[in-house]
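The structure is given below, and queries will be raised subsequently.
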Ligand SMILES: NC(=O)c1ccc[n+]([C@@H]2O[C@H](COP(=O)([O-])OP(=O)(O)OC[C@H]3O[C@@H](n4cnc5c(N)ncnc54)[C@H](O)[C@@H]3O)[C@@H](O)[C@H]2O)c1
């Protein structure tokens, strides 16, 4: 099938960006939301983003105008899907709402239309089962902001056909992004499975090992090659997103995450991070502010606990055939901004030391920490 027409359902934080990158690649895009006002706001944001690209001379004014003209905002669902070949669903992360949307879509869209969900955490197989075409339903996980982030995770559900997976990967490449295939529909897919549990483990490190937040963050930045500290990254992501991902992942698999009560508490207290002015750190305004971290502070902290946690989850993904080391490193580099491969960091710390650390943690705090067989075999 030669893909030309795409409908994006939901024009919020992610939807308007996905519409923009699709139109930039030459697709005819229909952007659908439930109220005209939401669409007006989304189109304004797209215009602003394109104007910025024009002022930076990344595109010409004419190119900006024709990209904008390729996006048609529509409220009526039947009209929005009538010519669609691929529908990218970007509605809020609420399973009941998604199920309602898919049931409606299944009736409205033609039988050959592909449904791709941008969900961060919900099971693709369960979403697909609410339609009569589970072989044509797939996960397509863009990162925020879609205009800038290169990674897109592609997640086939249990019944997704290989042709649809290949076509989705081609679409991702066509919008100049890098697809990383998460071969199984596992909780958290790849990047969230690596990242979200680390935030909780960093909280446990403060409790158990007495390190300060800035010492841990400095070690994460200067010793593990993250672009910023883990608490900083949590504040940047938002505690609402982290809380939701935590709940969904833990609901499906107790082995993926050991929730620390701080996240739930911060979420309930509306300490959402950068966006609310306070998260782990305080921020003076809503502009992106960096925390002061240093190599000196990094020297005070041994982050082996965090290296052990991220590698154990990475190893789980390989052992359970959701990915392989090369693809995982690609996802971590593009999705988390890691400057150094995870397994290289692991070798610097010593895989044997990491396995020992995990066994020590498991003996003291429970089986959640027990090392994956892959790590044991790599010692
Ligand atoms: N925000 C992020 O950082 C991020 C990153 C990756 C993935 N995601 C995922 O993307 C999805 C959307 O997240 P978001 O942050 O863009 O949410 P958002 O709340 O900013 O936008 C969702 C939009 O969907 C609209 N909507 C609701 N019902 C609809 C319907 N029936 N048809 C069409 N539109 C409808 C809402 O009016 C809203 O404009 C979620 O599944 C989320 O997990 C979000």
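What follows is calculated from the coordinates using simple rules that are stated; it is not laboratory data. Only a predicted model underlies this, so the values are computations on that prediction, with no experimental measurement involved. Every residue, glycine among them, receives a Cβ derived from its backbone with ideal geometry; neighbour counts consider all protein chains shown.
Classify region 241-300 as rounded, prolate or oblate from the Cα gyration tensor: take a ≥ b ≥ c as the square roots of its eigenvalues, call it rounded if a/c is under 1.5, otherwise prolate when a/b beats b/c and oblate if not.
Oblate, because a/c is 1.5 or more while a/b does not exceed b/c.
Another question about this same structure. Quote the convex hull volume per residue of region 166-265, based on C-alpha atoms, as a whole number of Å³.
In region 166-265, the Cα convex hull volume per residue is 126 Å³.
While we're looking at this one, here's another question. So for region 81-191, what percent of the C-alpha to C-alpha distances run longer than 22 Å?
More than 22 Å apart: 24 percent of the Cα pairs in region 81-191.
Additional query: Which residues does a label at residue 82 reach in region 27-42, if reach means a backbone N under 14 Å from a point 7 Å past the Cα toward the Cβ?
30
Still on this structure, I have one more. Averaged over all directions, how much area does the convex hull of the C-alpha atoms of region 191-377 cover when projected, in nm²?
Reported value for the Cα convex hull: 10.0 nm².
Just the Cα atoms of region 5-181: what Rg and Dmax do they give in Å?
Cα only, region 5-181: 15.3, 46 Å (Rg, Dmax).
What whole-number distance in Å separates the alpha-carbon centres of region 164-209 and region 88-158?
Each part reduced to its Cα centre gives a spacing of 16 Å.
Another question about this same structure. Helix-only estimate, please: 222 nm mean residue ellipticity of the chain, summing -39500 (n - 2.57) across DSSP H runs of length 4 or more and dividing by its residues, to the nearest 500.
-15500 deg cm²/dmol
If you don't mind, another one. Against the globular-protein guess of 2.2 N^0.38 Å, express the Cα radius of gyration of region 309-379 as a ratio, rounded to two decimals.
1.09
I need the shape label for region 1-90. Rule: rounded when a/c is under 1.5, else prolate if a/b > b/c, else oblate, with a, b, c from the alpha carbon gyration tensor.
oblate
Turning to a different aspect of this structure: Find the relative contact order for the chain and round it to a whole percent, using C-alpha pairs within less than 8 Å whose residues are 6+ positions apart.
Relative contact order of the chain: 13 percent.
How long is the gain from residue 47 to residue 1 if the chain were fully straight, where each residue apart is worth 0.36 nm and the alpha carbon distance is subtracted?
That pair, residue 47 and residue 1, stretches by 13.5 nm at full extension.
Whole Å is fine, so just give me how far the alpha carbon centre of region 229-287 lies from that of region 329-375.
Using only Cα atoms to place each centre, the spacing works out to 22 Å.
If you fit an axis through the alpha-carbon atoms of helix 304-319 and take the longest principal axis of the Cα set of the chain, what angle between them do you get, 0 to 90°, nearest 10?
So the inclination is approximately 50 degrees.
Can I ask one more? Out of the DSSP beta bridges found with both residues in the chain, what percent are antiparallel (nearest 5)?
That works out to approximately 25 percent antiparallel.
Describe numerically, in nm with one decimal, the distance between label points set 7 Å from Cα along Cα→Cβ at residue 176 and at residue 126.
3.7
From the Cα trace of the chain, what convex hull volume per residue do you get, rounded to a whole Å³?
It is 139 Å³ per residue.
Now for a separate question. PRE reach from residue 253 (point 7 Å along Cα→Cβ): which of region 318-342 fall under 15 Å by backbone N?
Under cut-off, by backbone N: 318-325, 328.
If you take every DSSP beta bridge whose two residues both sit in region 5-181, what share of them, in percent to the nearest 5, is antiparallel?
DSSP beta bridges in region 5-181 are roughly 15 percent antiparallel.
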